[in-house]
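The values are calculated or read from the model by the stated rules, or taken from the named source; none is laboratory data. What you see is a predicted model, and the numbers here were worked out from it, not measured in a lab. So basically every Cβ, Gly included, is an ideal-geometry build from the backbone, and we count neighbours across all protein chains shown.
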Amino acid sequence: MAKHIEFSTSGDPEVIQYCEFTPTDPAPDEVQIQNKAIGINYIDTYMRSGLYPTANLPSGLGTEAAGIVTKIGSGVTSIKVGDRVAYAQATLGAYSEVHNVLESKLVVLPDAISFEQAAASLLKGLTVYYLFYKTHKIQAGETFLFHAAAGGVGLIACQWAKALGAKLIGTVGSDEKAALAKAAGAWQTINYNRVNIVERVTEITGGEKVGVVYDSVGKATWLNSLDCLKRQGLMVSFGNASGPVTGIDLGILNQKGSLFVTRPAINGYITTREELNEASNALFDLIASGKINVDVAENQKFPLSEAAKAHRTLESRVTHGSSLLIP
């Protein structure tokens, strides 16, 4: 027997249940992993709340963790029992002591990367990778806007932008978070509770505005994001923390300067094992070299049994950087 998290109906964090279950042996091409650290991501709250409906209930939660391989299914060739591995695009159910994952979704961890570092960074780091290299290739010296710069994705983005020699302007909700983003490598920060985002971006850029905005907030920042773009700029909407953007009038893109909008997702950019290894190697190299720090605050490490508390804390916007569940 083992323990895991499941939910039987969509709703607030109270729908989360901590249950016993009997793990099944890995199917062909699958590997069984004893999780040592589990990543918590905002998309997990979308699954739980029903914003992103799951196909079947009851359902597990989470797609990201790191641990040790304990069993392998038939057909597995690149992974062996005892390997240290991580995953970020598995089927739902990573909030568990044990999880079966397709070999194609696994990366073998370098010795320099701990379980906690991997679980805290893999999905978020892969996200920054596709945003900065695939959706729009960030260049050295380029100035751009990144919302929620003190969040889990945001702090990695700040550090990665600095490593690239780019100038990230990060929005945050408090002076404390501004200091965190600045320390991580943000060129400038904007506390949206103190100043107008559009006015400040216009001021910082000498009236030019920016060529790309990365927005994971959604509904609350949609119009501000468009207004921060220069002519023919690109709005990258990659999340819905404040709710989804709906009812879009495409004419507004013309009115605001022939703008472009894209709604990317990781599964549209990282689909093969080769793409996964390319992206994860880039991330792990930056962590190992000290250019990206993904250490997790002790008060943001929760026992697996406290997954509901972890979700409440995440949704309250009081966290900074990544949070973890520890089985």
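Give the residue that is nearest to residue 112 (Cα to Cα), with candidates limited to residues of the range 291-312 that are surrounded by fewer than 19 Cβ atoms within 10 Å (Cβ to Cβ) and small (Gly, Ala, Ser).
Among those residues, the one meeting the criterion is 297.
If you take the residues in the range 181-231 that are in contact with a helix residue (DSSP H, G or I) (Cβ under 7 Å, 6 or more places away or on another chain) and more than 26 Å from residue 247 (Cα to Cα), which one is surrounded by the most Cβ atoms within 10 Å (Cβ to Cβ)?
It comes out as 181.
For the range 62-71, state whether one or more residues are under 30 Å from residue 245 (Cβ atoms), modelled with pLDDT of 95 or more, under 21 Å from the mean Cα position of the chain (by Cα) and polar (S, T, N, Q).
There is at least one residue in the range 62-71 that is under 30 Å from residue 245 (Cβ atoms), modelled with pLDDT of 95 or more, under 21 Å from the mean Cα position of the chain (by Cα) and polar (S, T, N, Q).
If I ask for residues that are out of contact with any Ser or Thr (no Cβ under 6 Å at 6 or more places or on another chain) and among the β-branched types (Val, Ile, Thr), which ones from the range 206-244 would you list?
Within the range 206-244, 212, 221 meet the criteria.
Regarding the range 311-319, can at least one residue be identified that is at negative phi, in the same structural domain as residue 160 (by TED's automatic domain parsing) and under 17 Å from the mean Cα position of the chain (by Cα)? Steps first, answer last, please.
At the first step, the residues of the range 311-319 found to be at negative phi are 311-316, 318-319.
Add one more test, that the residue is in the same structural domain as residue 160 (by TED's automatic domain parsing), and what stays is none.
No.
Just one of the numbered conditions (1) surrounded by fewer than 17 Cβ atoms within 10 Å (Cβ to Cβ); (2) within 22 Å of the chain's Cα centre (by Cα); (3) farther than 30 Å from residue 74 by Cα is not true of residue 158; which one?
If we test residue 158 against (1) surrounded by fewer than 17 Cβ atoms within 10 Å (Cβ to Cβ); (2) within 22 Å of the chain's Cα centre (by Cα); (3) farther than 30 Å from residue 74 by Cα, just (1) comes out false.
Select, from 63, 77, 70, the only residue that is crowded, with 21+ Cβ neighbours inside 10 Å, hydroxyl-bearing (Ser, Thr, Tyr) and not in a helix (DSSP H, G or I). Talk me through it step by step, then tell me what you get.
Numbers: 77 fails: crowded, with 21+ Cβ neighbours inside 10 Å; 70 fails: crowded, with 21+ Cβ neighbours inside 10 Å.
Every option except 63 fails the conditions.
Could you look through the range 274-285, keep only residues that are buried (at least 22 other Cβ atoms within 10 Å of the Cβ) and among the aliphatic types (A, V, I, L, M), and pick out the one that is nearest to residue 114 (Cα to Cα)? Before you say what the answer is, go through the steps one by one.
The first filter runs over the range 274-285 and keeps only residues buried (at least 22 other Cβ atoms within 10 Å of the Cβ), leaving 279-280, 283-284.
Filter once more, keeping what is among the aliphatic types (A, V, I, L, M): 279, 283.
Numbers: 279: 18, 283: 13 Å.
Among them, the one singled out is 283.
Can you confirm whether residue 29 is of a type outside the set (Gly, Ala, Ser) and at positive phi?
Details: of a type outside the set (Gly, Ala, Ser): yes; at positive phi: yes.
So residue 29 fits the description; yes.
Could you tell me how many of the residues in the range 105-136 are of a type in the set (Phe, Trp, Tyr) and either under 20 Å from residue 31 (Cα atoms) or assigned to a loop (DSSP other than H, G, I, E, B) (or both)? Give the steps one after another, and end with the answer.
Residues of the range 105-136 that are of a type in the set (Phe, Trp, Tyr), as a first pass: 115, 129-130, 132-133.
Filter again for either under 20 Å from residue 31 (Cα atoms) or assigned to a loop (DSSP other than H, G, I, E, B) (or both), leaving 115.
Counting residues in the range 105-136 that are of a type in the set (Phe, Trp, Tyr) and either under 20 Å from residue 31 (Cα atoms) or assigned to a loop (DSSP other than H, G, I, E, B) (or both) gives 1.
Against the conditions (1) buried (at least 21 other Cβ atoms within 10 Å of the Cβ); (2) free of Cβ contacts under 8 Å to residues at least 12 places away in the same chain; (3) not β-branched (Val, Ile, Thr), where does residue 35 fall short? Just the number, please.
(2)
Yes or no: residue 94 surrounded by 20 or more Cβ atoms within 10 Å (Cβ to Cβ) and assigned by TED's automatic domain parsing to the domain that holds residue 314?
On the way: surrounded by 20 or more Cβ atoms within 10 Å (Cβ to Cβ): yes; assigned by TED's automatic domain parsing to the domain that holds residue 314: yes.
Answer is yes for this residue.
Every residue, every condition in (1) within 30 Å of residue 3 (Cα to Cα); (2) in contact (Cβ under 8 Å) with a residue 40 or more places away in the chain, yes or no:
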site	(1), (2)
81	yes, no
84	yes, no
88	yes, yes
96	yes, yes
111	yes, no
115	yes, yes
127	yes, yes
150	no, yes
167	no, no
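List the strands (runs of 3 or more DSSP E) inside the range 187-246, counting only whole elements, that have at least 1 residues being under 27 Å from residue 163 (Cβ atoms), more than 18 Å from the chain's Cα centre (by Cα) and free of Cβ contacts under 8 Å to residues at least 40 places away in the same chain. Spell out the reasoning first.
On the way: elements: 188-191, 210-215, 229-237.
The strands (runs of 3 or more DSSP E) meeting that bar are 188-191, 229-237.
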